[in-house]
Amino acid sequence: MSKKKLNIAIVGLGNIGSYLYKYLITNKNILSKKNNCVLNLIYVSAKNKSKKRNLKINKKNWLRNYLDAAYLKKIDIVVELIGGSDGAAKKLVFASLKNKKHVVTANKALIAKYGDKLAKIAEDNKVNLEFEAAVCGGVPIIRSLKEGLIANKINKVYGIFNGTSNYILSKMDQDNKSFEDVLFNAKKLGYAESNPKSDLNGEDVAAKLKILSSLCFNSFINNNIHIEGIKNINQIDIINANKLGYKIKLLGCSEIIDNKVYQRVHPVLIEKSSYIASIDGVLNAVIVDGKPVGQSVVQGEGAGPEPTTSALVSDISSILRGNIKFPFSISNKERKKLIFKDISNRLFSVYLRLEVLDKPGVLSNITNIFSINKVSIKRLIQNPYRSKKFSSIIIITHKSKNESLKKIISKIQKKNYILKKPRLIRIGAY
């Protein structure tokens with residue numbers, strides 16, 4: 001009996017698209033055997049067709065227009081590697097699903113913004129929308145949530161979801177270098193894009209977290225999320241963290257408490273002895289708390305052509321096997337409209353660093369502001385720099401409402417004794 005054939009088109013031939021192309025051509029036979037289905041890579045498309053690539057592509061395999069991938073009847077699977085939440089990527093994926101094409105994508109921005117709409121179209125047309133590569137590259141967390149952990153009621157997902165920010169924080173710590181110096185080297189090594197804005201401001205982690213929340217809690221994607229990045233972390237904070245027994249990590253965390261979901265992305269002081277503090281460099285780690293399994297950890301390379309290709313091939317193979325699945329694990333009708341709350345009333349212990357003029361009355365004024373806002377100070381360290389006539393004050397608080405902490409920052413930073421914007425980092429208990 002002859003094997004079924006499925007024809008693939010790759011749209012987007014950057015570093016990832018080019019690597020995937022070579023992988024599929026080289027490993028066509030073994031993938032066909034493993035999936036009991038013949039894989040045919042028949043078309044490619046790229047914005048710049050004349051760009052020099054280390055690929056041998058026959059002229060007949062180039063699409064004249066990238067959108068042809070959505071309309072040509074002979075194409076069964078469209079692999080979207082254009083990127084971005086709108087524009088060409090959006091047009092291609094919406095059109096492909098509407099025309100009953102399976103779609104595989106690494107585009108977290110697109111899924112985080114339009115995932116709910118796209119999932120319904122895929123379900124209505126009985127095709128797959130696969131996005132394993134959209135969240136943490138080679139870390140197989142999406143398939144783990146959809147299949148391996150399907151028996152579990154999940155109450156929390158958290159971890160390190162961005163290799164660029166983790167590399168920067170790790171190298172600042174290990175090499176005692178400034179944020180700017182490490183970022184420069186990260187770009188040279190290819191660990192950071194030429195414009196790494198979404199990696200540094202937390203938006204990349206936020207997109208991934210919204211997708212994970214939806215899968216973990218069987219809910220629709222929700223934009224109520226607290227986001228902070230790492231741009232304000234400097235060498236003084238890294239040194240202070242070490243002295244206090246912590247490492248600084250950019251974490252994403254989503255948890256369900258009393259049927260309400262809290263999503264947050266921000267730097268965290270993590271105890272050095274904790275597992276997640278040991279995740280350095282470009283590695284990602286996703287930790288899931290659920291019942292009956294308890295805590296599960298998935299760790300691996302978070303970005304780059306090789307781990308992303310691993311995830312893309314996993315999704316392609318799932319389609320080759322004929323597994324038609326709901327994109328978010330359950331039917332659109334079964335997904336919940338949960339209440340997503342901001343973190344105003346959540347309790348956090350925080351590290352607060354204040355650079356102030358070294359003069360009488362400053363410390364008493366600061367502690368008075370804490371007292372008025374009913375925030376208790378657990379530890380206070382004052383480092384005076386007499387020659388420069390200023391002091392660095394470090395305050396560790398007991399657990400207090402996020403709203404109260406924000407009020408304190410707002411009041412203190414208006415004082416004329418403040419020399420720099422106060423630095424606040426939450427302390428994690430993970």
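The values are calculated or read from the model by the stated rules, or taken from the named source; none is laboratory data. Note that the coordinates shown come from a computational prediction; the quantities given were computed from them, not determined experimentally. Counting neighbours? That spans all protein chains shown, and the Cβs are built from the backbone with ideal geometry, glycine included.
Annotations
- Scanning segment 285-344 for residues that are in contact with a helix residue (DSSP H, G or I) (Cβ under 7 Å, 6 or more places away or on another chain) and among the aromatic types (F, W, Y) yields F326, F328.
- Residue, nearest to the chain's Cα centre (by Cα), within segment 73-100, restricted to residues that are modelled with pLDDT of 95 or more and of a type in the set (D, E): E80
- The strands (runs of 3 or more DSSP E) found wholly in segment 244-321 and carrying at least 3 residues that are under 30 Å from I30 (Cβ atoms) and under 18 Å from the mean Cα position of the chain (by Cα) occupy 283-291, 294-301.
- Yes/no for Y385 being hydroxyl-bearing (S, T, Y) and over 24 Å from Y262 (Cβ atoms): yes
- Some residue of segment 218-230 being without any contact (Cβ under 8 Å) to a residue 40 or more places away in the chain, over 29 Å from E147 (Cα atoms), acidic (D, E) and not in a strand (DSSP E or B): yes
- Where helices (runs of 4 or more DSSP H) fall wholly inside segment 1-110, the ranges with 1 or more residues that are surrounded by 16 or more Cβ atoms within 10 Å (Cβ to Cβ), touching a residue at least 60 places away in the same chain (Cβ under 8 Å) and of a type outside the set (A, V, I, L, M) are 15-26, 28-35.
- Tabulated pairs, segment 181-201, first outside any helix (DSSP H, G or I) and surrounded by 15 or more Cβ atoms within 10 Å (Cβ to Cβ), second at pLDDT 85 or above and of a type in the set (S, T, N, Q), C-beta under 7 angstrom, 6+ apart or interchain: Y191/T164; A192/T164; P196/T164
- The one condition in (1) under 30 Å from G148 (Cβ atoms); (2) without any contact (Cβ under 8 Å) to a residue 40 or more places away in the chain that I330 fails to fulfil: (2)
- V205 being at pLDDT 95 or above, surrounded by 15 or more Cβ atoms within 10 Å (Cβ to Cβ) and hydrophobic (A, V, I, L, M, F, W, C): yes
- Those residues of segment 193-205 which are farther than 18 Å from P140 by Cα and of a type outside the set (K, R), in sequence order: E193, S194, N195, P196, S198, D199, L200, N201, G202, E203
- Of all residues in segment 218-230, those satisfying the criterion of being under 17 Å from the mean Cα position of the chain (by Cα) and surrounded by 15 or more Cβ atoms within 10 Å (Cβ to Cβ) are I221, N222, I225, H226, I227, E228, G229, I230.
- Candidates A207, A119: the one that is aliphatic (A, V, I, L, M), out of contact with any Cys (no Cβ under 8 Å at 6 or more places or on another chain) and in the same structural domain as N223 (by TED's automatic domain parsing) is A207.
- Failed item in (1) modelled with pLDDT of 95 or more; (2) touching a Lys or Arg at 6+ places or on another chain (Cβ under 9 Å), with L250 passing the rest: (2)
- Among the residues of segment 141-169, those identified as within 30 Å of A241 (Cα to Cα) and either free of Cβ contacts under 8 Å to residues at least 12 places away in the same chain or surrounded by fewer than 22 Cβ atoms within 10 Å (Cβ to Cβ) (or both) are N155, K156.
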